[in-house]
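Contents: one structure, followed by commentary.
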Amino acid sequence: MNLRENTIHCGNAFDLINRLDDESVDLIVCDGPYGVTDNDWDKIPSIQEFNLDLIRRFSKKLTNGGALYLFGKHDCIDFIDYRPFLTLRSRIVWYQPSRLAQGRLSYTNNYDTICYFVKGGRPRCYNLDSIRVPQLVELEHRLRCERVPSVLNGQYGKTKFNDLGKNPGDVWGDIKQLTYKSKELVSREALNTIQKPERLIERLVLASSTPGDLVVDPFAGVGTCPVVCARHGRRFHGFESNPAFVSQGLKRLAAARSGPGQELFKLTYVT
Ligand SMILES: C[S@@+](CC[C@H](N)C(=O)[O-])C[C@H]1O[C@@H](n2cnc3c(N)ncnc32)[C@H](O)[C@@H]1O
């Protein structure tokens, strides 16, 4: 309802999302509060209650079969009942082995979770071929596996491997968190608690949307998801409450418009 597409809007996500029609959004990527840092926007009394409210309100905007990804820590959806609104299809572990902080009272936390929800249970799209990863271990074992009896392929048939690669699974250790040296990092302030790697967001966008689909990033930060959507020809709305992040995100979007993938971007970008 009267909200310009393909840009980042400054404001509160819970107000802005009300300006979208119900059942009009194909994918929502929620990398919002985790409830664990000292950032003002992250001071949430109960992250579980916050996430339940988010799921209740945002799921109304999803098309049937549309996906919602929710970032958080291991307990971010514990003891809340999201089932009337969405189906949890995967709980992805984004593993980051290089974290330096050492636990003193428990095990050092080495991962974030990304909950993959679908409205109605069956995804309207899951583009596996767009997100396959190399079969490193499998290829090493390939020769040894070739004469393994298989119920699918006959008693001594060959085990079949997809030459495009395999499903990335639900533990992702192949995408590293940004460092001070990462070319895509917009500022030191954005490191750690703000900016996510483009490759990470790209995997979600490619898997759960197709060109021309509408994607919403309610907590856009410095614009990673909008940039990825622009590159891949998805329509999008970004929402972000911090005006400084909004302008950093808009700068990245402008650069994406003149970078690789600009043809697709021009198809969807409305000025
Ligand atoms: C983890 S960061 C997102 C980073 C983003 N994925 C990126 O790569 O740049 C979370 C962002 O949500 C914003 N935020 C938190 N609560 C918000 C709200 N209610 N409405 C809009 N933005 C909010 C914060 O300012 C912060 O920039």
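The values are calculated or read from the model by the stated rules, or taken from the named source; none is laboratory data. Because the structure is predicted, anything quoted here is derived from the model rather than measured. Heads up, the Cβs are rebuilt from the backbone with ideal geometry, glycines too, and the neighbour counts pull from every protein chain shown.
Considering every residue within segment 54-74, establish whether at least one is under 11 Å from Asp112 (Cα atoms), at pLDDT 95 or above and touching a helix residue (DSSP H, G or I) at 6+ places or on another chain (Cβ under 6 Å). Outline the logic, then answer.
Within segment 54-74, the first condition is being under 11 Å from Asp112 (Cα atoms), and the residues that meet it are 70-74.
This time we only want the ones that are at pLDDT 95 or above, so: 70-74.
Retained after the next criterion (residues that are touching a helix residue (DSSP H, G or I) at 6+ places or on another chain (Cβ under 6 Å)): none.
No: segment 54-74 contains no residue that is under 11 Å from Asp112 (Cα atoms), at pLDDT 95 or above and touching a helix residue (DSSP H, G or I) at 6+ places or on another chain (Cβ under 6 Å).
All but one of (1) touching a helix residue (DSSP H, G or I) at 6+ places or on another chain (Cβ under 8 Å); (2) surrounded by fewer than 16 Cβ atoms within 10 Å (Cβ to Cβ); (3) modelled with pLDDT of 95 or more hold for Ile201; state the number of the condition that does not hold.
Answer for Ile201: the failing condition is (2).
Which ranges mark the strands (runs of 3 or more DSSP E) fully within segment 1-107 that have 3 or more residues being more than 15 Å from the ligand (Cβ to nearest atom) and surrounded by 18 or more Cβ atoms within 10 Å (Cβ to Cβ)? First the steps, then the outcome.
Details: elements: 7-10, 25-30, 62-72, 87-95.
Where strands (runs of 3 or more DSSP E) fall fully within segment 1-107 and carry at least 3 residues being more than 15 Å from the ligand (Cβ to nearest atom) and surrounded by 18 or more Cβ atoms within 10 Å (Cβ to Cβ), they are 62-72.
So, of the residues in segment 177-199 that are part of a helix (DSSP H, G or I) and away from the ligand (no atom under 11 Å from the Cβ), which turns out to be farthest from Asp42 (Cα to Cα)? Talk me through it step by step, then tell me what you get.
Applying the first criterion (part of a helix (DSSP H, G or I)) to segment 177-199 yields 188-190, 198-199.
With away from the ligand (no atom under 11 Å from the Cβ) added as a condition, the list becomes 188, 199.
Values: Arg188: 18, Arg199: 24 Å.
Checking each candidate, the answer is Arg199.
Only residues that are touching a helix residue (DSSP H, G or I) at 6+ places or on another chain (Cβ under 6 Å) and more than 8 Å from the ligand (Cβ to nearest atom): list them for segment 204-225, please.
Correct list: Val205, Leu206, Ala207, Val215.
Say we look at segment 151-178 and pick out the residues that are surrounded by 11 or more Cβ atoms within 10 Å (Cβ to Cβ) and β-branched (Val, Ile, Thr); which of these is modelled with the lowest pLDDT? Before you say what the answer is, go through the steps one by one.
Narrowing segment 151-178 to residues surrounded by 11 or more Cβ atoms within 10 Å (Cβ to Cβ): 153, 157-159, 161-162, 164-178.
Retained after the next criterion (residues that are β-branched (Val, Ile, Thr)): 159, 171, 175.
On the way: Thr159: 61, Val171: 97, Ile175: 96.
Among them, the one singled out is Thr159.
When you check Leu206 against the structure, is it closer than 16 Å to Gly66 by Cα, surrounded by fewer than 20 Cβ atoms within 10 Å (Cβ to Cβ) and hydrophobic (A, V, I, L, M, F, W, C), yes or no?
Criteria met by Leu206.
Considering only segment 226-239, state which residues are aromatic (Phe, Trp, Tyr) and either at positive phi or more than 7 Å from the ligand (Cβ to nearest atom) (or both). Spell out the reasoning first.
Of all residues in segment 226-239, those aromatic (Phe, Trp, Tyr) come to 236, 239.
The answer is Phe236, and nothing else.
What about Val148, is it at pLDDT below 95 and exposed (fewer than 13 other Cβ atoms within 10 Å of the Cβ)? Full working, then the answer.
Values: at pLDDT below 95: yes; exposed (fewer than 13 other Cβ atoms within 10 Å of the Cβ): yes.
Taking the combined requirement at face value, the residue satisfies it.
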